[in-house]
Amino acid sequence: LSLGQQGRKTPLRTSSYRPRRAPDSRCEPDTMADVHEVEASDGVRFSWNVWPSTRLEATRMVVPLGCLYTPLKPIENLPVLPYEPIVCKGPCPSILNPYCRIDFRAKIWICPFCFQRNHFPTHYAEISEQNLPAELIPTYTTIEYALPRQKAGPPVMLWVVDTCMVEDELHAVRDSLEQALSLLPEGTLVGLITFGTTVQIHELGYEHCTKSYVFRGTKEPNAQQLSDLLGLRPQGRRGQAPDPRGAAGQEGRQGASRFLLPISECEFALSTILSELQKDPWPTEATERPLRCTGAAVSTAVALLEAACPQQGGRVMLFVGGPATVGPGLVVGRELVDPLRSHHDLEKETGNTKHVKKALKHYAAVAKRAAAASHVVDIFACALDQCGIMEMRALTSTTGGYLVMAESFQNNVFKESWRKVLARDPGTGDLQMAFNTSLEVLTSAELKVCGAIGNLFSLQKKSTSVAETEIGIGNTCAWGAGSLDSDTTVALYFEVTNQQGSTPQQQPAGGQRYIQLLTSYQHASGQHRLRVTTLAHTYAETSNLHEIARGFDQEAAAVLMGRIAVHKTLTEEPFDILRWIDRMLIRLVAKFADYRKDDPASFRLSSHFSIYPQFMFHLRRSDFLQVFGNSPDETAFFRWSLMRENTTSSLIMIQPTLLAYSFSGPPVPVLLDVTSIGADRILLLDTFFHVVVFSGETIASWRKQGYHEQPGHENFRELLHAPKEDAAEIMRGRFPTPMYIECDQNGSQARFLLSKLNPSVTHNTNQTQGSEVIFTDDVSLQVFMDHLKRLAVQS
């Protein structure tokens, strides 16, 4: 297409005109290998890799056009450039990328988003087709800039510890925090707040003895009040850093350094306080819960960081062992006769939910304050009972914090997850996390961004890239998060704005549309960085369904639909969401399957769509939408996990993986079906949250008789050991660390496996002798597919 048709008045000289673009394989993934290659190089998975050319056709595709983007995905040979990027001077703030059109003679580049002509800076005078800067090399569609700006301060970690736990639990928390002192970089600023009936802010900089400021647990001071009470700097507008050259700035640093000190300076004082930490002394009757002011403690911690280090990377790390029973954000009354709310209570709005709305409102307000100051709230909740995670979910989902849930602080789930949080880069020694992050999306004129779904918040930034349709957090082109790590993944949704027959924007089939993703963040070293990912995709003729179908990514589409379904749970009933999933699936297969009207036997799905109905079947049965048997806290934890993980991990949550180990050969993947259970095999189930090693009846019997300990049975010993080794490998590379379960066929813990299997054999079917039976009224995958075929082909 000539530049004159693009709206430019003066075309470039054709003798030096060279469009720059990445290799075709990156734009048109024909196979899953190509999709995974793009994911490895750019951290992106699209639901549709060939896009429709009109808005009407995009609507008919049923599954939204979207992508799963991992902003900080480790990319091999990622170039890090030590200078400021070149930004387009037109209406869009796009950055120089391989898809820009270059006039090497005139030293001009044309933005692919707004078609603005931009002159290269003088230090780019030597560029040529043989001498390209890194930004224009076709394979560098993702690039990172280490911005030459003043470094931010070191990371801040404010530990907020619940002292209402039993002694063993409190001792386990103390050990974990003391361990952290040796794992964290010495320059990391740390602080300590403990709470029970009251909130205590410990002054680590006081040398003569342990000293703390005590606040009532029934009230929460704001940042200004806390600043005055603790003798911190006088603060103007909230979230605005003081002038470091002024007297107020000098006093502020001295005041804040009494409570937030580098580990190298406060290690002895902090160790002393932790060793003397005791259970909350407030008396509690046997019929009462302890007075626990979690809401006031979290609010006070956020206020301290607001006053001491606004817009600096900081984390409030909450260690809690039970529900809040007093003060703002209380979850349940103090009397044990008052039960914690269940899903049934929430559905029927019984008297047990009287505190829910106030608690949700309180924690949402605290999360909003933390997000505005670029701080993060992490929750480590370990108890046999619920801790109020459902009410506190906004703290982690808004700020991008971690959420770890376990039965005890002595449990391996918490201990291993805690070590992974504190993991450091082996090369630089910095923490493997980013702070004060933002993500901005730029699109071609034919595309608009509908919204994002993930653990982030809206920055309320408007642009021509914003769509009228809203999916998830919409009406903006930029989102923020207090923190990101290498696993954090955001779901972005787009819409095509071309109308049928709109010639000014419509281009011939095979043309490209562009998306640029700008992620700015503060590195753990304090350095400011910007990662730029520029993507281009082809789009097909409206009538060419085969070409569009060829670019369908079933895995990414299933996760994108799963995120929409989970986001809908905030405002809609689960039954309505299940009906919505069913309708969308029926519409999709009715459009892309081959069949004769009213003839289910003729129904055929191509390989591009063949396993998508299976994903939807397991999504309907997953713990994200089926709440039976789970507490509200567990459901909130499951949904939080889906909102942050990448495509592969999310698919494991939706449809767990199952491996079979036997004497007949190496381990093999088997169907997630009850028929996969065998008396002479071991199964390894990975649900992301649990790793289950399930021994068949014969294997369990041999093990109990000790055959693996006898000489001559080395093969049996190796068979028992192999799934445990693989399970340990799975758990090493996952956060949060999953629960490990060993169980036998017909044992009580076998329910962890049976609940995830397709119930193809139940008490209502004709089972064969010796086959495992699942006692359930749920339909099997075969019945589900039969109904789907019948509904899809009907006139």
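The values are calculated or read from the model by the stated rules, or taken from the named source; none is laboratory data. Quantities reported herein were computed from a predicted structural model and do not represent experimental measurements. Cβ placement follows ideal geometry from the backbone for every residue including glycine, while neighbour counts extend to all protein chains displayed. Protein only, heavy atoms only, side chains kept; ligands, DNA and RNA dropped before computing areas. Shrake-Rupley method; radii C 1.70, N 1.55, O 1.52, S 1.80 Å.
Of the residues examined, VAL413 is one that is touching a residue at least 60 places away in the same chain (Cβ under 8 Å), hydrophobic (A, V, I, L, M, F, W, C) and surrounded by fewer than 23 Cβ atoms within 10 Å (Cβ to Cβ). Checking each residue in the stretch 329-362 for being open to solvent by 30 Å² or more (accessible area, probe 1.4 Å) and in contact with a His (Cβ under 6 Å, 6 or more places away or on another chain) picks out only LEU330.
When the stretch 224-245 is limited to residues that are open to solvent by less than 30 Å² (accessible area, probe 1.4 Å) and in contact with a Gly (Cβ under 9 Å, 6 or more places away or on another chain), the one that is modelled with the lowest pLDDT turns out to be GLN235. The helices (runs of 4 or more DSSP H) falling completely within the stretch 688-795 that include 2 or more residues that are hydrophobic (A, V, I, L, M, F, W, C) and over 29 Å from ARG419 (Cβ atoms) map to 697-704, 714-732, 781-793. Tell me whether the stretch 386-406 contains one or more residues that are open to solvent by 40 Å² or more (accessible area, probe 1.4 Å) and part of a loop (DSSP other than H, G, I, E, B). Checked the stretch 386-406: no residue is open to solvent by 40 Å² or more (accessible area, probe 1.4 Å) and part of a loop (DSSP other than H, G, I, E, B).
Among the residues making up the stretch 425-440, those that are over 18 Å from LYS151 (Cβ atoms) and surrounded by fewer than 17 Cβ atoms within 10 Å (Cβ to Cβ) are PRO426, GLY427.
Residue-wise test of (1) more than 23 Å from LYS219 (Cα to Cα); (2) open to solvent by 20 Å² or more (accessible area, probe 1.4 Å).
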residue: LEU270; (1), (2): yes, no
residue: TRP282; (1), (2): no, yes
residue: GLU288; (1), (2): no, yes
residue: GLY295; (1), (2): no, no
residue: SER299; (1), (2): no, no
residue: THR325; (1), (2): no, no
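Scanning the stretch 344-369 for residues that are among the basic types (Lys, Arg) and in a helix (DSSP H, G or I) turns up LYS348, LYS357, LYS358, LYS361, LYS368, ARG369. Within the set SER676, SER662, SER650, SER641, the sole residue that is touching an Asp or Glu at 6+ places or on another chain (Cβ under 8 Å) and not hydrophobic (A, V, I, L, M, F, W, C) turns out to be SER662. Tallying residues that are under 27 Å from THR519 (Cβ atoms) and among the basic types (Lys, Arg) within the stretch 87-116 yields 2. Selection over the stretch 172-203 of residues that are under 27 Å from the mean Cα position of the chain (by Cα) and either part of a loop (DSSP other than H, G, I, E, B) or among the hydroxyl-bearing types (Ser, Thr, Tyr) (or both) gives a count of 4.
Selection within the stretch 646-671: residues that are aliphatic (A, V, I, L, M) and part of a helix (DSSP H, G or I). The member of this set that is nearest to ILE730 (Cα to Cα) is ILE652.
Identify all residues within the stretch 412-466 that are β-branched (Val, Ile, Thr), outside any strand (DSSP E or B) and touching a helix residue (DSSP H, G or I) at 6+ places or on another chain (Cβ under 6 Å); write none if there are none. Correct list: empty. Looking at PRO112, PRO98, PRO138, PRO148, just one residue is part of a loop (DSSP other than H, G, I, E, B), open to solvent by 50 Å² or more (accessible area, probe 1.4 Å) and modelled with pLDDT of 90 or more, and that residue is PRO148. Among the criteria (1) part of a loop (DSSP other than H, G, I, E, B); (2) crowded, with 21+ Cβ neighbours inside 10 Å, the one GLU39 does not fulfil is (1).
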